[in-house]
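One structure is given here, and the rest of the page talks about it.
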Amino acid sequence: MITSRKTSFTGKLFFALLVSNLVLVRKLVLSNPICTPGSLQCQVLLSDLFDRAIRISHYIHLLSTEIFEDFHNDLLSLVNQLLRSWNQPLQHLTTGAPDHMIKKLKEAEEHTQVLQGGIDRISGRMLTDLDDFYPPWFGPIDAAVPQRESQMFSIYHLLHCFRRDSHKIDNYLKILRCRMIHANNC
């Protein structure tokens, strides 16, 4: 409990410093006049031009940081959607795949359920509401090929997509951990 209060206070302090710095930078950026193009009477020192450019670039960096921080919840929601979208396809694979794959597919299905519970806990700690919408699965792809080949193509395609999506989930979680736990120091 003390750690969460300390973290909450530190977060509020960091936010207050960020907002005060943002207000200061906005004031500095907007307070300097710019010479109109083609004006012969306006001579700006090179050092002033650099100072202004640095203030503006710093302001852009602060804005990009704010936008980037806003994306944490979206990334976690994307992980949740990807995971939940695999519930039905994995069930289908465990019933239609060759015997030598079924044990690993069932294990993948079980671990997917465990990971979904973990994502729910993480979102609860981050006070994030996860989007429960995920794309529906309409079943395997029907191809105009003999039944056995069509089934193998469907299994191949699903396994390929599952591998790709599980890699995305793995990477997104590593990115989130780096940003949320290690303050982008990874």
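The values are calculated or read from the model by the stated rules, or taken from the named source; none is laboratory data. Values in this document were obtained by computation on a predicted structure and should not be read as measured data. Glycine gets a Cβ as well: all are built from the backbone with ideal geometry, and neighbour counts include every protein chain shown. Please note that ligands, DNA and RNA were not included when accessible areas were found on the heavy atoms of the full protein model with its side chains. Shrake-Rupley method; radii C 1.70, N 1.55, O 1.52, S 1.80 Å.
Here are some notes:
- Residues in segment 56-75 that are open to solvent by less than 60 Å² (accessible area, probe 1.4 Å) and under 14 Å from Tyr172 (Cβ atoms): 2 in all.
- Odd one out for His157, checked against (1) loosely packed, with under 15 Cβ neighbours inside 10 Å; (2) in contact (Cβ under 8 Å) with a residue 24 or more places away in the chain: (2)
- Flag for Arg5 being over 27 Å from Asp129 (Cβ atoms), among the charged types (D, E, K, R) and modelled with pLDDT under 65: no
- Scanning segment 120-133 for residues that are more than 20 Å from Arg177 (Cα to Cα) and buried (at least 16 other Cβ atoms within 10 Å of the Cβ) yields a count of 0.
This table checks each residue for (1) of a type in the set (Asp, Glu); (2) touching a Phe, Trp or Tyr at 6+ places or on another chain (Cβ under 7 Å); (3) at pLDDT 85 or above; (4) assigned to a helix (DSSP H, G or I).
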residue	(1), (2), (3), (4)
Asp74	yes, no, no, yes
Leu83	no, no, yes, yes
Lys104	no, no, yes, yes
Glu110	yes, no, yes, yes
Ile119	no, no, yes, yes
Pro135	no, no, no, no
Ile155	no, no, yes, yes
Ser166	no, no, yes, yes
Ile175	no, no, yes, yes
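- Single residue of Lys168, Lys174 found to be under 14 Å from Leu78 (Cβ atoms), among the charged types (D, E, K, R) and touching a residue at least 60 places away in the same chain (Cβ under 8 Å): Lys168
- Flag: Thr95 matches the condition of being within 30 Å of Gln151 (Cβ to Cβ), at pLDDT below 90 and either among the aromatic types (Phe, Trp, Tyr) or loosely packed, with under 15 Cβ neighbours inside 10 Å (or both).
- Any chance Ser64 is assigned to a helix (DSSP H, G or I), more than 23 Å from the chain's Cα centre (by Cα) and more than 23 Å from Asp165 (Cα to Cα): no
- Meets criteria (at pLDDT 90 or above and within 19 Å of the chain's Cα centre (by Cα)) for Arg125: no
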